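Asks: The structure is given below, and queries will be raised subsequently.
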Amino acid sequence: MVRANGRRLLVAGLVLLFTFPFLAMLSTAFKLPGDIFHAPPRLLPAEWTWDNFAAAFEQIPIWRYLGNTLLISAANVAGTLLACPLVAYALSKLEWRGRSALLAVVLATMMLPPQVTMIPVYLLWNGLNAGDTYWPLIAPAFFGTPFLIFMIRQFLMSVPNDLIAAARLDGANELRIYWSIVLPLARPALVTAAVFQFVWTWTDFLNPLIYLNDSEKYTLSIGLYAFFAEHDIAWGPLMAACVMFTIPALLIFIAGQRYFVGGISTGALK
């Protein structure tokens with residue numbers, strides 16, 4: 001009993017530690033300017049106000065940035081759900097020469113940090129005259145993400161081979177098996193991949209910073225950075241804008257949490 005209570009206290013302490021920055025941001029978004037730098041600091045506002053949110057909408061073109069970010073994120077999720085399950089199915093349920101070698105290549109690409117390929121990839125897109133467009137931010141998702149391919153592949157390994165063999169005996173082709181049998185069974189892995197890809201794209205700062213120059217095309221992450229880099233930092237509106245930036249990713253994670261946990265645990269067991 002004592003050990004169990006100690007574990008609960010440890011988990012509660014870790015949860016509080018990791019959620020404290022979000023709580024501080026949320027609290028600051030509702031504080032008056034004079035209350036933000038109060039000494040000693042107070043977690044909760046002395047007087048709650050919505051003025052910071054109104055000021056954020058007045059000072060920052062949030063709706064434009066939000067639309068741009070949503071467009072890029074939705075396109076990346078669509079590309080991920082189109083490409084990654086197809087590759088994962090080929091690497092898990094189809095027998096063909098070179099399958100193990102290709103899987104090794106996929107795993108090897110996961111070991112390369114993005115800083116290694118950043119300059120060659122930038123030169124590639126620049127040579128295609130795709131600078132200051134959304135193509136460098138969207139197109140890579142349609143070629144698959146190694147981590148998500150591997151995760152879905154591990155999940156598909158749990159799908160019984162006898163089920164697929166029975167479908168083949170009934171005359172179903174591979175596309176029919178993939179669409180009618182494999183994808184419905186892989187729903188937890190697919191939702192997990194979609195959540196991962198959405199959060200990664202929604203919070204991405206480096207890639208939009210590299211490829212986008214026109215402020216009309218900015219995403220939320222670099223839009224907020226560029227605006228407050230050019231003007232005096234008003235911490236209340238900035239925190240209010242950050243709250244609005246965080247909420248969509250948080251809601252997506254909460255909505256897919258049930259499938260998310262199932263997809264991760266099944267992949268880990270395999």
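The values are calculated or read from the model by the stated rules, or taken from the named source; none is laboratory data. Everything numeric in this text was worked out from a predicted model, so none of it was measured. Ideal geometry is used to build each Cβ from the backbone, glycine not excepted, and the neighbour counts take in all protein chains shown. When the accessible area is computed, the model is the full protein with side chains, heavy atoms only, and any ligands, DNA or RNA have been set aside. Shrake-Rupley method; radii C 1.70, N 1.55, O 1.52, S 1.80 Å.
Asks: Test residue 172 against the criterion of being farther than 30 Å from residue 122 by Cα and touching a Leu at 6+ places or on another chain (Cβ under 7 Å), and give yes or no. I'd like the intermediate steps shown before the answer.
Replies: Values: farther than 30 Å from residue 122 by Cα: yes; touching a Leu at 6+ places or on another chain (Cβ under 7 Å): no.
Judged against the criteria, residue 172 is not a match.
Asks: In addition: State yes or no: is residue 132 of a type outside the set (A, V, I, L, M, F, W, C), farther than 15 Å from residue 86 by Cβ and at pLDDT 90 or above?
Replies: Yes, satisfied.
Asks: Another question, if that's okay. Taking into account only those residues within the stretch 117-130 that are outside any helix (DSSP H, G or I) and over 18 Å from residue 71 (Cβ atoms), which is least open to solvent (accessible area, probe 1.4 Å)?
Replies: So the residue we want is 128.
Asks: Just the residues that are part of a helix (DSSP H, G or I), touching a residue at least 60 places away in the same chain (Cβ under 8 Å) and of a type in the set (D, E, K, R), please, taken from the stretch 64-116.
Replies: 64
Asks: Another question about this same structure. Within the stretch 84-100, does at least one residue satisfy the condition of being on the phi > 0 side of the Ramachandran plot and not polar (S, T, N, Q)?
Replies: First pass over the stretch 84-100, keeping only residues on the phi > 0 side of the Ramachandran plot: 98.
Checking which are not polar (S, T, N, Q) leaves us with 98.
Checked the stretch 84-100: at least one residue is on the phi > 0 side of the Ramachandran plot and not polar (S, T, N, Q).
Asks: Here is a further query. Say whether the condition of being within 26 Å of the chain's Cα centre (by Cα), of a type in the set (Ser, Thr, Tyr) and farther than 12 Å from residue 240 by Cβ is met by at least one residue in the stretch 26-34. Quick ask: steps written out before the conclusion?
Replies: Our first condition is that a residue be within 26 Å of the chain's Cα centre (by Cα); within the stretch 26-34, this holds for 26-29.
Pick out the ones that are also of a type in the set (Ser, Thr, Tyr) and you get 27-28.
Now drop any that are not farther than 12 Å from residue 240 by Cβ, which leaves none.
Scanning the stretch 26-34, I find no residue that is within 26 Å of the chain's Cα centre (by Cα), of a type in the set (Ser, Thr, Tyr) and farther than 12 Å from residue 240 by Cβ, so the answer is no.
Asks: What tally of residues in the stretch 144-168 results from selecting those that are open to solvent by less than 50 Å² (accessible area, probe 1.4 Å) and in a helix (DSSP H, G or I)?
Replies: Qualifying residue count for the region: 13.
Asks: State whether the residues of the stretch 46-61 include one that is in a helix (DSSP H, G or I), over 30 Å from residue 194 (Cβ atoms) and out of contact with any helix residue (DSSP H, G or I) (no Cβ under 8 Å at 6 or more places or on another chain).
Replies: yes
Asks: Sticking with this structure for a sec: Filter the stretch 1-45 down to residues that are assigned to a loop (DSSP other than H, G, I, E, B) and open to solvent by less than 70 Å² (accessible area, probe 1.4 Å), then give me how many there are.
Replies: So the count comes out to 5.
Asks: Something else about it: Restricting attention to the stretch 94-116, which residues are of a type in the set (D, E, K, R) and exposed (fewer than 10 other Cβ atoms within 10 Å of the Cβ)?
Replies: 95, 97
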